[in-house]
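The values are calculated or read from the model by the stated rules, or taken from the named source; none is laboratory data. What you see is a predicted model, and the numbers here were worked out from it, not measured in a lab. A quick note on method: Cβ atoms are made from the backbone with ideal geometry, for glycine too, and the neighbour counts reach across all protein chains shown. The protein model used for the area step is the full one, side chains on, heavy atoms only, and it has no ligands, DNA or RNA in it. Shrake-Rupley method; radii C 1.70, N 1.55, O 1.52, S 1.80 Å.
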Amino acid sequence: MTTLRRAGIGTTSVGMGIVLYLIGVFLFALNDALGKWLVADYSVGQLLLLRSVGAAIILVPMVWHLKVDLFDFGQWRLQVVRILCMAGDTFCFYFATRSMPLADVMTFYMAAPLIITALSVPLLGERVEPFRWGAVIVGFIGVLVALQPSAELFSSASPIALVGAIMFGLAVTVTRRLRRTHWLPLVVWQFAGAGVIGAATIPFAWATPGWFDLVLMFLVGIVAMVCFVCITRALAMAPAAMLAPFQYSAMVWATLMGWIVWRDVPTLPILIGNCIIIGSGLFVFYRDRATVSAPAE
């Protein structure tokens, strides 16, 4: 019997999980670009607060419609850890982009699949096959080829980016652990926690935004909210180690956005790196598909 069948995971669940994760990663890339634009003029705490307000515009009607109990605090310690990790990850990412190139910050964050894969063994009890480790490592090599990190990769802000990547990897792993919890409370408390942390910084740093920037901050919240809904649902459908390599697709989206929006023509290293990343993701997809479809032993 295959590993996936022993875990009770079907082809439909895995496929939908991968699709949702890819959508979530795309929205991550969009959210990152919008966030870097805004933190050039506003504090990270202010962005955390106002993006939480933007997310609430969508979340409040959803809570009202779905009638989900937000105060069902089963495994509350893990939920607190997840809230702190998600808020810390977001804060570290935006803070690091204020003094580091986005590509260098993304280099650290693209180490997250390695972190998720490593944590999935002791924290989730998942079995990580050699081919999955290989795909994650090859994908990270593709990231390094595409991004070509600069000397600023080792600047004073680099430890902050590294801490953010570790917190993101831990948050994803804990989300998988909480897969039996309804996705709506997870997302609601995640944004509520980030909003409270952001609000605590307001007395020390506040710049009144214009209408356009205010709408943009709300939009960041909405995009991030949909992103985390997709990621949370994906982690309820498929193992974290299986989804980890698809995190690298963020590089593909970033390249396309740069080309379409800013007319940044992809260089040869970027094209080669993205081909490596796409190849590693496709390998995992078809390898897992073959594993799920294999007859029971």
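For this structure, a couple of remarks:
Quick grid of which residues meet (1) within 22 Å of ILE166 (Cβ to Cβ); (2) in contact with a Gly (Cβ under 8 Å, 6 or more places away or on another chain); (3) modelled with pLDDT of 80 or more:
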{"residue": "LEU216", "(1), (2), (3)": "no, no, yes"}
{"residue": "PHE228", "(1), (2), (3)": "yes, yes, yes"}
{"residue": "GLY258", "(1), (2), (3)": "no, no, no"}
{"residue": "VAL261", "(1), (2), (3)": "no, no, no"}
{"residue": "ASN274", "(1), (2), (3)": "no, yes, no"}
{"residue": "SER280", "(1), (2), (3)": "yes, yes, no"}
{"residue": "VAL284", "(1), (2), (3)": "no, no, no"}
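- All conditions in (1) open to solvent by 40 Å² or more (accessible area, probe 1.4 Å); (2) within 12 Å of the chain's Cα centre (by Cα); (3) not hydroxyl-bearing (Ser, Thr, Tyr) hold for ILE231, with the sole exception of (1).
- With respect to the conditions (1) within 20 Å of ALA171 (Cβ to Cβ); (2) open to solvent by 60 Å² or more (accessible area, probe 1.4 Å), ALA55 lacks only one, and its number is (2).
- When PHE140 is tested against (1) at pLDDT 85 or above; (2) within 17 Å of the chain's Cα centre (by Cα); (3) under 24 Å from PRO113 (Cβ atoms), only condition (1) is not met.
- Qualifying residue in segment 245-253 (condition: open to solvent by 20 Å² or more (accessible area, probe 1.4 Å), over 17 Å from SER52 (Cα atoms) and either touching a strand residue (DSSP E or B) at 6+ places or on another chain (Cβ under 7 Å) or of a type outside the set (Ser, Thr, Tyr) (or both)): yes
Residues are listed down the side, and each one gets a yes or a no for (1) surrounded by 18 or more Cβ atoms within 10 Å (Cβ to Cβ); (2) assigned to a loop (DSSP other than H, G, I, E, B):
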{"site": "ALA165", "(1), (2)": "yes, no"}
{"site": "PHE168", "(1), (2)": "yes, no"}
{"site": "THR173", "(1), (2)": "yes, no"}
{"site": "ARG176", "(1), (2)": "yes, no"}
{"site": "THR181", "(1), (2)": "yes, yes"}
{"site": "VAL188", "(1), (2)": "yes, no"}
{"site": "PHE191", "(1), (2)": "yes, no"}
{"site": "TRP206", "(1), (2)": "no, yes"}
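- Any chance ALA87 is closer than 26 Å to SER156 by Cβ, small (Gly, Ala, Ser) and in contact (Cβ under 8 Å) with a residue 60 or more places away in the chain: yes
- Residues within segment 98-116 that are open to solvent by less than 10 Å² (accessible area, probe 1.4 Å) and at pLDDT 80 or above, tallied: 1
- A Cβ distance below 9 Å, combined with a sequence gap of six or more or placement on separate chains, defines the contacts here; from segment 65-77, residues that are in contact (Cβ under 8 Å) with a residue 40 or more places away in the chain and more than 12 Å from TRP189 (Cα to Cα) reach residues that are exposed (fewer than 10 other Cβ atoms within 10 Å of the Cβ) and not acidic (Asp, Glu) in the pairs GLY74/ARG180; GLN75/ARG180.
- On inspection, THR2 fails the criterion of being farther than 30 Å from GLY273 by Cβ, open to solvent by 40 Å² or more (accessible area, probe 1.4 Å), of a type in the set (Val, Ile, Thr) and modelled with pLDDT under 85.
- Screening LYS67 against (1) open to solvent by 30 Å² or more (accessible area, probe 1.4 Å); (2) of a type in the set (Lys, Arg); (3) under 30 Å from VAL136 (Cα atoms) leaves a single unmet condition, (3).
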